Structures are given as C-alpha cells and as structure tokens.
Amino acid sequence: MGKTYNPHEIETTWQSYWEEHKTFKVAEDSNKEKFYLLEMFPYPSGRIHMGHVRNYTIGDVVARYKTMKGCNVLHPMGWDAFGMPAENAAIESKTHPAQWTYSNIDMMKQQLKRMGFSYDWDREFATCDVQYYKWEQWLFLQMYERGLAFRKKSYVNWCDSCRTVLANEQVEGGLCWRCKAEVSQKELQQWCFRITQYADELLKSLDTLSGWPERVVTMQRNWIGKSYGTEIAFTIEHTDEPITVFTTRPDTLYGATFMSLAPENPLALKLSEGTEQAAAVRAFVEKVLKQDKTVRCSDDLEKEGIFTGAYCINPVTGYRMPIYVANFVLMEYGTGAVMAVPAHDQRDFEFAQKYGLEIKVVIQPEDSDLNPATMTAAFEDEGRLVHSDQFNGQKNTDAMQAITAFLAEQGLGRKAVNFRLKDWGISRQRYWGAPIPIIYCEDCGTVPVPAEQLPVVLPEKISLEVLGRSPLADCAEFVNTTCPTCGKPAQRETDTMDTFVESSWYFARYACPDYDKGLLDGKRVRYWMPVDQYIGGIEHAVMHLLYARFFTKVLRDLGLVHVDEPFTNLLTQGMVCMETYQCENCGWLYPEEINQGNCTRCERPVQIGRTEKMSKSTKNVVDPEKLIATYGADTARLFCLFAAPPERDLEWSDKGVEGSYRFLQRVWRLVTEHTALLNDAAAVDWHGVDEADVKALRRKTHQTIQKVTDDIETRFHFNTAISAVMELVNQLYQFDVDKDTSPVRTAAFREAVQAVLLLLSPMVPHICEELWHQLGNTGTVFTAAWPVWESATARADEIEIVIQVNGKLRGKIMVAADAPEALIKEQALTCDSIQQWIAAKEIIKVILVPGKLVSIVVK
RNA sequence: GCGAGAGUGGCGGAAUGGCAGACGCACUGGGUUUAGGACCCAGCGGGAAACCGUGGGGGUUCGAAUCCCCCCUCUCGCACCA
C-alpha cells in the first residue's frame, strides 16, 4: 500500500526542484522550433483571483505541451505595474505607490509560483521599473520626431472620479472602464499618438489574423469604422468660408434643406456671434456640453437644436439652408457638421418636423409616390432620383458616384473616407505612470528631452493630493529644469502616459528584458517574435489588442521588429462566474442542489440569483489561496480546465472541485497501489499478443493518446482531453492486472499508466512529476517526450455497425474492421433484428458509411 | 437599431451530417464498514409500451443537435456614425 496523496508536500517539493534546476529557463536555440506563448500580464492588484488562475493554467498547459513536443518555448511573466489603483491605495494608506506595487508583486509572485506555472522567471519585469519606462520614453521621442506623437487641444473624455482623461477605447457606454463613473467632456491640451495614420493598415491586416476569434476581428473592424463617402463644401452666406461635411449619401444632396452642427463645433458660437441668437445658442451649447455621455447618447434623448441665425448655400440647388446646432450631431465623427436631408434621414425628418423646416423629396421608391406633406417617416431605402437636375431618373446607388464626380469637377467636393477611429490621447493627469519626456521653454517652445538625458525619473517624494492636475505639477524639483536647447529655466511636462502604452510593447521586451543598449535587441527579437499564442480576456478586444497592433507597426517602421502583427493566434478565455441560489430554509445552494426550481433537500422553491462575474466587487468570490490550501494547485488547475472549454464562461462549483480532487486521488492510487508491479514491467514484443483484455487496454491507451493530442493541439479543448484520460483510468481500474504474471499484462498496464501521467502532466504537473519518478523515471516529466500513438494499435479488429431502416435505428452488427463493403451490406440485410422492418418491402437503396453504419431505404 | 455568439437531462458539459446525453457533479441501489465518511460496482432524459425527445415552426437529406429559411429567448460588442 502506497502513501496517501498529499498535494502540498508533492507540490512544494517539485516547485523547489524546478526552481533549483531552472527547468523553465530558455534561450535562443536555432536547432529547435521556437514557440512564444504569452498570457496577458496581470496588474499587481494585491492577490491573484480565479480569473488569473484560469488564464495562466490554460497558458501553462499549452507551454508545457509544446515543450514536450520538442519546441523551444518562451513563456514569460511580468507586471503591468503603473496605474491608478496603486495611487489611490497609496493615498488611502499613506504609503508610496511604488511600495504598494512592489509588495503586491512579491505577494502575487509567490501565489503564481504556488500554482506551479512554467515561467522563465529570469525574464520578469515590472513596467514601473525605470529600466522599462526609460525605453518607453525613448520610443515616445522617436514617435515625436516622426509626428506620431503630438499635442493638441480638444474635447476629451474626462472621468471626474479618476480625475483624469480617458481614451475613446476606455469609455464603455458612457462610463469609465475602470471605475464605472460617468464620463464628461472637457477641453484640454493633451498628447496623442497618431494611430489614425495606421487606420487603413490596422483594418487591412485584420484579414491576415486567421488565428484570431472572428468576434474580436469584427469588433476591431467596427471600432476602426471605415466608411466611404463624399466631402462637400457649403459656403456660409455673406462669407467665403465653407462648412465642409462628410456624407455617405451624396445622392440626397438635392434634398439638403438645412445644416446641423455639433455643439462642440467652434462654428456654432462663431456664427451666432453678434446676432440676436448669440445668447440662446451659447446657453444651448453649454447645456449640452454639461450633459454626461450616457444621457447625451441615450436612445430616448429628444432631438433638440437651435438656429444660429446664419445660412449656408446648397452648392447644387442654391437653397438657403439655415444652420442649426443640434444635440445629436457628434463632433468626433466626420467633420462635426451634417447636411440635413429630412426626407431621407429619420433624425433629420424628426428635427425638421419639430422646427418647421422644409422636407424635399429627391428619391422616389419604385412602387409609390412620396409626398412631403403626408410623410410620417423618412424614406431611407433605394429608389430613383427626382428634383435633382441632370441626375433625375438615375438609381440612387448610381447617383452617389455621379454626383460625387460632378462635385469634384466643379471643385465643390471630393470622394472621401472617414474613420471612426480617433487618435489615441495618452496624457494622464496622475502621478503613477511614465513621465512624458518633454520640456516647455519660453523661448524654444516644446523641446523633447534629449535621448542621453533619459530616463525622466518619477520623483519619489511627492504629495499625492490630487486636484485634477498631475501631482507632478506641484513638485518643484521635477517641474523646474533647464531647456536642453538654450539652457534657460524651463518646465517639464507633468502629465504621465496612459498605462496602456506600457502594455503595447511589453511582449517584445520579454525577448530581451536585460538589454540596456536599446529598446529591443534585434537578434533576440527576431528569434522570438511574433507571439505564437496569446491568451487573455475578451475585455481587451479593442483596447489593449488594438494599441499593441498599432505599436507593432510603429516599431516595425522604426526597424525595431520585423513582424507586421504581434500575435499570430489569440485565445480569449471566458470569465469565472458563480451562480447564486437561495432557499429560505437551507440557505445558499449550488446548481446541482436544485431540481426544477426546487431545493433538493427540502423541496421548497428557490430564489435564483444572477450569474455573476467573480470580481472584487461581488461578495461571492473564491480565493485561490483557500482553494490551494484545501486541495492543492493541481486540483485548482484541473477544475479550471475540466469544467468548461476555455472560451466559455466557467461556472464555479465547489462540488466540481471535489470531483477533480477525487480524480487525482484515483490516479494516485492507481500508481501507488501497483508500484512494485509497475516497476517490474519490462519491455515486451507485442507481436502475436492476443489476450482480449490486453489488446483492448492497449487500444484504449493509444486511442486516448490520439484524442488528447488532438484536443490540445487543434482545439484547446482540455475538458474533453481530461474526460478521455478519465475513461482510460476507469478502464485501468477494471483491468485485472493480477490475473496472471504474464509480462505482456504488466507491460500493457505500465504503458497505459505512463500514458496517463504524460498526458496529464501539462495540466496537473506536480502529481504527474511525483508519480513519474515513483515509476523509476529520471529527469522531469516536463522534458519527457510527448507520447506517440500507433494507429495500428489504436484500431479495433472488430467494429460495431449500426443499421438504420428509413433513418431509424433498428439493429447493430459486429464486423471485421477490414470487411469488404459488399459483405457488410449483406450481413446487415440478413441480420435477424431487422427482418421485421424490411420483410415484404421493396429495398430501394442501401447506403454504407464505412466504420459507422448501414442505412437501408425501403418502400 | 446594427453586428457577433449561444440555447442539449436536476447541473457543468459531450457529440459539427451518421447510435443524442461521452466525462464529471448531484441522485438511487448494492458491496465493504461496528457506524459514518472514504472507496468499489451498478443504475440514472420522458414514457407501461409503441414511441417521443437537443428553444418553437418549416425545409433539404436515406439520415439533422449539427446545414438552409422564419420566429422566440439570452449573452456580449457597437450604437443618434450623417
């Protein structure tokens, strides 16, 4: 009898072994196929949560599997360490963000090590390390030189709770992505990255990302939002100044009867200046700008506007179009001005009705006749042009081209594309981030910090009392400097960079984290990049994943990387959730304790709670620490892999965890109760072995190897891989290994047990490592070769063939695996169990699906 | 509103044109045990049966959870995009 399964002892033993032997350290090796596996690095919030456990377990399985398959696997880990939680926590607990961050890193690193992940810890870095952000500042300067980093004043998203600016990608439904507070618009000077310069390429090369989930590609495509249309200039009456609009419907130009401006459009105030409208327009604009994004963009917000007092002229009809300011016009899309065609745009229609503006039909449907006086809604479908001079009678889809061409000829407009994507505002008015390396000099203006003066180090002594400006602004030693150009006193930029900047290039830095001569070591980067498999949450579909793609293209154009795209394959794993049920009598229940809405214990109806994402904000959180303390890391890993396929949400179940633990004990006993016998097993010649149960076991072993390999390699379906191994283990329990002392019997048993350990080792490495060694193997299971299946052994001699009559299952026969088609058909037709179904009937067709079934069609 | 994905036992989930419900959880019975737990074995969609069953309805096919059309529900993303 072997000793009992003690996960803690085994796990700490092997974790120390791996650490001492630097088992997971990698270096470039041109003789091996490289494989770069990366999971999205964590923010050091304090402790790891179940989402981390799941994400990193999935990654670890792939890393270990690829290593066993002979690849040179890069599997690094680090910390996305700048950011506001550190600053907020520091203010609250009167510590320093750096101290808070680094102590969290220590804590979480211990937790990750306790999970037994196969990271090359020698490559670890935190993005708040000076050596890291120094190169980021250097990159900023390169981008500044090329016009990719620039400063501009504009309306930006402002989160009053975080007291900082947010990029468009960081506003979710009008709320701050981080704190869920309402976002308002504020006019600010800030630094931007010209991501729009790469808009076309970012869109086009989405097509090359065949290893990405379609969902993410679509989200990015929509986010970039390229639309084709026409730019048209309308001259403002009594001036030479034009208002330019972007429209995707140039075919409706003859029906444009007024102009709508976004409240943010500077023309709004300018045009009304000096008119009797001025005060009213100003009041309206102020009212709209004060509204937060949720209110302003809500569905049921009434369309409102105000006349500016000015007119512009429709270039093709000469119509005198009143210029309005309208609350539904967006400054950030197109030009912030819209030509309004009430007959053919529902919003304009409603607006025109409200303010008594003319509705002019210029497109008629084929089957009816629109009358502006009786229309109840805009007509937005296809039709033929009317009231449109030489374009009358054309199909509107053709007229789009024709009118655009006409405008171009007359110098009144041109073909244009418009992107929804906006430049990335990166200034953040907070302390805990990478300083922007810019100096402002009264004489020389904006001066970049010379590269040799980098890094611009964050000052340590700082007051973090935040008042809507960067705390750095109140730190005299930081702000006051001398101009690098003229040497006179000058001031530093005090905003810091968005933390998404750090995560936009960290993946490349892992190739050469120690490199001190530049941002990246070309040689090593060339070996490791791109990331072959990236794994992380879907929540980064347009933020991080878009920025990282942008940076990769910038780095490429700077000659620093050789790839166009950073991540060849992307796996987006689902969230960890917990469904909550409550019985008034028995308290909290698990899903398996409920039968048709009733509590299985007391039969009373239960209250069903929401399925909630496990996060700090909900109370029903499972702490991985406790899970490990109770069952060990292997059980935690196994449960995460077994309960659901990776891309789906994982529903937590305490009972499911127990089941995982039970399976590991079952594996443990299988080996430890037969150690002596297993160690006696010798290599045998399998030729001529014909004991049925031995053959069956070997068949199952090889079938399992094939199934598990396929599930991991092509689909990441670890749940079905595990269930396949469970089946093999069940069969091993049924196998009577002590029936006789035949060497073939023990050899088949050992072969199967070894397969179990090898196949499970990427998923539950500790227990497999321990048992692997108890079987007398040396070295680590991590570097043992992945087992190979023999198709001849996996193939059955006899197979079951299902017989269908008119599509219904009517019988089954056993046939030799290599039986000829005609014989199988004949056996099917003569088989007793189906006679009653085919007798006295005309057989029309007999279909054979090799290895599966015979389908008989009768009449 | 637009786009994407999903809907299968009491529960998590298998099966992607070929035996629906693998594997696990829960449950039931048996074995073992002084007893309980643990463990081992068996059963486990509905129905007495014929049969009926993969959100609902239609279609293609010898054969549909799987493919096509319509509808319903849920989740996610975008959303006054001119």
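The values are calculated or read from the model by the stated rules, or taken from the named source; none is laboratory data. This structure is a prediction, so every number in the text was calculated from the model and none was measured. Cβ coordinates were reconstructed from backbone atoms using ideal geometry, including for glycine residues, and neighbour counts include every protein chain displayed. Accessible surface is based on the protein model in full, side chains and every heavy atom, while ligands, DNA and RNA are left aside. Shrake-Rupley method; radii C 1.70, N 1.55, O 1.52, S 1.80 Å.
Which order do A:Leu758, A:Leu269 take when ranked by solvent-accessible area (1.4 Å probe, heavy atoms of all protein chains), largest first?
From most accessible down to least: A:Leu269, A:Leu758.
Hey, what angle do you get for helix A:692-710 against the long axis of chain A, alpha-carbon based, 0 to 90 degrees rounded to 10?
10 degrees
Once you have the Cα-Cα distance between A:Asp106 and A:Val788, take 0.36 nm times their residue separation minus that, and quote the gain in nm to one decimal.
241.5 nm
Pop out the ³J(HN,Hα) list for segment A:150-158 in order, Karplus 6.51 cos²θ - 1.76 cosθ + 1.60 with θ = phi - 60°, rounded to Hz; leave Gly and Pro as x.
Residue by residue, segment A:150-158 yields 8, 10, 8, 9, 7, 6, 10, 6, 10 Hz.
Over chain A, with every protein chain in place, what whole percent of the accessible area is carbon and sulfur at 1.4 Å, could you tell me?
Here carbon and sulfur together make up 49 percent of the probe-accessible area.
Before I look further, what does chain A give for accessible area per residue, probe 1.4 Å, in whole square angstrom?
44 Å²
In nanometres, what is the gap between the two model label sites at A:Thr830 and A:Asp685, each 7 Å from Cα along Cα-to-Cβ?
Going by the 7 Å Cα→Cβ label model, 3.9 nm.
Would you list A:Thr830, A:Thr672 from the most to the least accessible area, probe 1.4 Å?
In descending accessible area the options line up as A:Thr830, A:Thr672.
Using a 7 Å offset from the Cα along the Cα-to-Cβ direction at both A:Val171 and A:Asp740, what is the distance between the two label points in nm, to one decimal?
Once both label points are built, they end up 8.1 nm from each other.
How many nm is it between the label spots at A:Glu28 and A:Glu201, if each spot is 7 Å from the Cα in line with the beta carbon?
A separation of 2.3 nm, rounded to one decimal place.
Using only Cα atoms and rounding to the nearest 10 degrees, what angle (0 to 90) does helix A:50-68 make with the longest principal axis of chain A?
Once rounded, one gets 60 degrees.
Which pairs in the list A:Lys109/A:Lys461; A:Lys66/A:Lys553; A:Lys34/A:Lys523 are over 18 Å apart, alpha-carbon to alpha-carbon?
A:Lys109/A:Lys461; A:Lys66/A:Lys553
Work out, step by step, the length gained on full extension between A:Lys152 and A:His238: first 0.36 nm times the residue separation, then minus their alpha carbon distance; give nm to one decimal. Walk me through the intermediate numbers first.
On the way: separation 86, 0.36 × 86 = 30.96 nm, distance 3.09 nm.
Extra length available between A:Lys152 and A:His238 comes to 27.9 nm.
Expressed as an acute angle from 0 to 90° and rounded to the nearest 10, what is the orientation of the C-alpha long axis of helix A:765-774 relative to the principal long axis of chain A?
Value to nearest ten degrees: 20.
If the only charges are +1 at each Lys and Arg Cβ and -1 at each Asp and Glu Cβ, what is the size of the charge dipole of chain A around the Cα centre, to the nearest 20 debye?
360 debye
What does the charge add up to near A:Gln703, with Lys and Arg as +1, Asp and Glu as -1, over the other residues with Cβ less than 11 Å from its Cβ?
Its environment carries a net charge of +2.
Go ahead and estimate [θ] at 222 nm for chain A from helices alone: -39,500 (n - 2.57) per DSSP H run with n ≥ 4, summed, over the residue count, rounded to 500.
Rounded to the nearest 500, it is -10500 deg cm²/dmol.
Could you rank A:Ile538, A:Ile628 by how accessible they are, 1.4 Å probe, largest area first?
Solvent-accessible surface, decreasing: A:Ile538, A:Ile628.
Just tell me which lysines come within less than 20 Å, Cα to Cα, of A:Lys290; anything on the same chain fewer than 8 places away is out.
Hits, sequence-local ones excluded: A:Lys153, A:Lys180, A:Lys186, A:Lys270, A:Lys303.
Using a cut-off of 17 Å between alpha-carbon atoms, which aspartates and glutamates can reach A:Lys626, once sequence neighbours fewer than 8 places away in the same chain are excluded?
Filter leaves A:Glu9, A:Glu11, A:Asp634, A:Asp654, A:Glu658.
Give the residues of segment A:393-412 whose amide nitrogen is closer than 20 Å to a point set 7 Å from the Cα of A:Tyr228 in the direction of its Cβ.
Residues A:394-409 fall inside that zone.
Given R₀ = 51 Å, FRET efficiency for A:His773-A:Glu92 by Cβ-Cβ distance, to 0.05? Before the final figure, lay out the partial values.
Working: r = 48 Å, r/R0 = 0.95.
According to the calculation, E is roughly 0.60.
Sort A:371-378, A:493-500, A:220-227 for me by packing, meaning the mean count of neighbouring Cβ atoms within 10 Å per residue, highest on top. Provide the component values of the computation, followed by the final result.
Working: A:371-378: 10.4, A:493-500: 23.5, A:220-227: 16.1.
The packing order, highest mean first, is A:493-500, A:220-227, A:371-378.
Considering only DSSP states other than H, G, I, E and B, which GluC sites (Glu not before Pro) in segment A:381-463 qualify as loop sites with at most 12 other Cβ atoms within 10 Å?
A:Glu382, A:Glu442, A:Glu460
Run the reach check for A:Lys859 against lysines, Cα to Cα strictly under 29 Å, same-chain hits fewer than 8 apart removed. What comes back?
Cross-link targets: A:Lys808, A:Lys812, A:Lys825, A:Lys841, A:Lys845.
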